[in-house]
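To start, the structure itself, in structure tokens.
The values are calculated or read from the model by the stated rules, or taken from the named source; none is laboratory data. Bear in mind that the values here come from a model prediction, so they are computed numbers and not experimental data. No Cβ is skipped: glycine too gets one built from the backbone with ideal geometry, and neighbour counts run over all protein chains shown. Side chains are part of the model used for accessible areas, which takes the heavy atoms of the whole protein and leaves out ligands, DNA and RNA. Shrake-Rupley method; radii C 1.70, N 1.55, O 1.52, S 1.80 Å.
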Amino acid sequence: MGKNKKNKHELFTAEVESLDQEGRGVGRQEGKVVFIEGALPGETVEYVRIRNKPSYEIGAARVIFNESPLRTTPRCPYFGMQEGSCGGCAMQHLEPYAQVAIKQKVLLDALTHIGKVRPQYLLPPLYGLFWGYRNRARLSVRDVKKKGQVLVGFRERKSNFIADMKSCEVLPRRMSDLLVPLRELIGSLSVYKELPQIEVAIADDVIVLVLRLLAPLTDLDKEKLEEFQKKYKVEFWCQPKGPDSVYPLDPENADHLKLKHPEFGTEITFLPTDFTQVNHQLNDRMVTRAIRLLKLAPKDKVADFFCGLGNFTLPIATRAGAVKGMEGAQGLVDRANIGARANGLQDKVSFETRDLFKWTTEDWDRLWE
């Protein structure tokens, strides 16, 4: 029901039926769909309207009248729906296993309503680490004069400001512990105003921090970065332009990074700006399940579309007779071929650059020529 409709902070009450893919509660207000931040299915909430469109509106929960049994206390002190909260996560108020179930439902709804298909049966969901799992991240950097310091972290919810965070529950602990030292380091560099972001890439045994630089480092800057590397056991890479312009601060660390697939004895090689799965544990389980479902035999030939660096391709090659990986980006194909040779699979695997959005029936006929 509306209250004081002339007030821009007018309050309404709604019953929440489901969650959308952004973790917002979905209900109805006078027949119109409303997306409510901080609300969970089964709850009745009082919310403040944030945006009002002809076909929908967006609100933020202010009072929860009957809490869902799936609601939990967020583990991170910086998580929340209020102004200034960290925007790096969206569902910490929802029990972790329920998060997976909700995401599965969102996917099934999309398949039904958009793809017009229904699965014949569902496999049990895969679970990985719920905390400390995020091995890829893009952290923003900004000198905040009001706080008298440089902040390093995720952006605030619905804001370009940087969250004043000193730890992060979804980053591995060793990376979370670097947030405050990184503030101090970046603030001491001559280029601190020309360094807008740090990309985090964590491999099996190393943390790489890619500095997006809009100005060159001085010799003193390099000395400070080198000291930080030694003290905290990390590697700095520099990115002056696009993703392929990255290079290691220390030339001795010029080798590509590696991620292993324990069950198949393979590993992929990658640059810190290449795409890799965020949750390594979950990725291992996903690859393992997929290959077991394929029930591959040594005589089988497999085509892997959008293969990237060979995350699936290389493990498949340990079970099949021949595998062809296809990808649109030449740089990824080059590094995938490096991976094939490094794994001794170059006789069974081939990678090539293809525009897979233009694939035809004739391409299928020529695939194994």
Q.
Running a GNM on the chain with Cα contacts under 10 Å, which residue among THR73, THR313, THR44 ends up with the highest mean-square fluctuation?
A. THR73
Q | Listed candidates [x] 1.15; [y] 0.99; [z] 0.90 - label of the one calculated as Cα Rg over 2.2 N^0.38 Å | A | [x]
Q. Under a no-solvent Debye model with one identical scatterer per Cα of the range 179-279, what's log10 I(q)/I(0) at q = 0.12, 0.16, 0.19 Å⁻¹?
A. -0.40, -0.69, -0.95
Q: Could you grab the relative contact order for the chain? Cα pairs under 8 Å, six or more apart, rounded to a whole percent.
A: 9 percent
Q: Give the whole-number value, in cubic angstrom per residue, of the convex hull volume spanned by the C-alpha atoms of the range 203-337.
A: 111 Å³
Q. To the nearest 20 debye, what is the magnitude of the charge dipole of the range 1-157 about its Cα centre, counting +1 on the Cβ of each Lys and Arg and -1 on the Cβ of each Asp and Glu?
A. 700 debye
Q. Counting Lys and Arg as +1 and Asp and Glu as -1, what is the net charge of the other residues whose Cβ lies under 13 Å from the Cβ of ILE291?
A. +1
Q) Looking at this model, which pairs from LYS260/LYS295; LYS301/LYS324; LYS147/LYS193; LYS32/LYS105; LYS146/LYS166; LYS146/LYS241 are more than 20 angstrom apart at the alpha-carbon? A) LYS260/LYS295; LYS32/LYS105; LYS146/LYS241
Q) Under a point spin-label approximation (7 Å from Cα along Cα-to-Cβ), what is the SER159-GLN330 distance to one decimal in nm? A) 4.5 nm
Q: Order these peptides, 142-148, 164-170, 230-236, by their mean beta-carbon neighbour count within 10 angstrom, highest first.
A: 164-170, 230-236, 142-148
Q) So what is the relative contact order for the range 5-82, in percent, with contacts set as C-alpha pairs under 8 Å and at least six apart? A) 25 percent
Q: Starting from the exponent 0.38 and prefactor 2.2 Å, build the expected Rg for the range 68-149 from its residue count and divide its actual Cα Rg by it.
A: 1.50
Q: Only Lys, Arg, Asp and Glu count, each charged at its Cβ (+1, +1, -1, -1), so figure out the dipole size of the range 242-284 about its Cα centre, rounded to 20 debye.
A: 100 debye
**Q.** Average accessible surface area per residue within the chain, 1.4 Å rolling probe, Å²
**A.** 55 Å²
Q.
What aspartates and glutamates does LYS348 reach when the alpha-carbon gap must be under 14 Å and sequence neighbours fewer than 8 apart in one chain are set aside?
A. ASP300, ASP304
Q | Dipole-positive endmost among TYR232, THR288, THR269 within the range 219-292 (Cβ charges, Cα centre) | A | THR288
Q) How much mean residue ellipticity at 222 nm does the chain get from its helices, if each DSSP H run of length 4 or more adds -39500 (n - 2.57) and you divide by all residues, to the nearest 500 deg cm²/dmol? A) -7000 deg cm²/dmol
**Q.** Whole-number Å³ per residue for the convex hull built on Cα positions in the range 22-168
**A.** 161 Å³
Q) If the viscosity is 0.692 mPa s and the temperature 37 °C, what Stokes-Einstein diffusion coefficient in µm²/s follows for the range 223-276 when Rh is the Kirkwood radius over Cα pairs? A) 258 µm²/s
Q: Would you work out the charge dipole size for the range 250-333 about its Cα centre, treating the Cβ of every Lys and Arg as +1 and the Cβ of every Asp and Glu as -1, and quote it to the nearest 20 debye?
A: 680 debye
**Q.** Rg over Rh, two decimals, the range 287-334 (C-alpha only, Kirkwood Rh)
**A.** 0.98
(Q) If I build a Gaussian network model for the chain, linking alpha-carbon pairs within less than 10 angstrom, which residue out of ARG155, ARG354, ARG335 has the largest mean-square fluctuation? (A) ARG354
Q: Before anything else, pin down the relative contact order of the range 77-176: Cα pairs under 8 Å, at least 6 apart, normalised by residue count, whole percent.
A: 32 percent
(Q) Of the candidates PHE270, PHE130, PHE351, which one comes out as most mobile in a Gaussian network treatment of the chain with C-alpha springs shorter than 10 Å? (A) PHE130
Q) If the viscosity is 1.306 mPa s and the temperature 10 °C, what translational diffusion coefficient in µm²/s does Stokes-Einstein give for the range 1-100 when Rh comes from Kirkwood over Cα pairs? A) 115 µm²/s
Q: Quantify how much of the Cα-Cα distance distribution of the range 304-369 extends past 17 Å, in percent.
A: 36 percent
Q. Which percent of Cα pairs goes in each bin when the distances of the range 102-228 are cut into 5 angstrom slices starting at zero?
A. 2, 9, 16, 18, 14, 11, 8, 7, 6, 5, 3, 1, 0
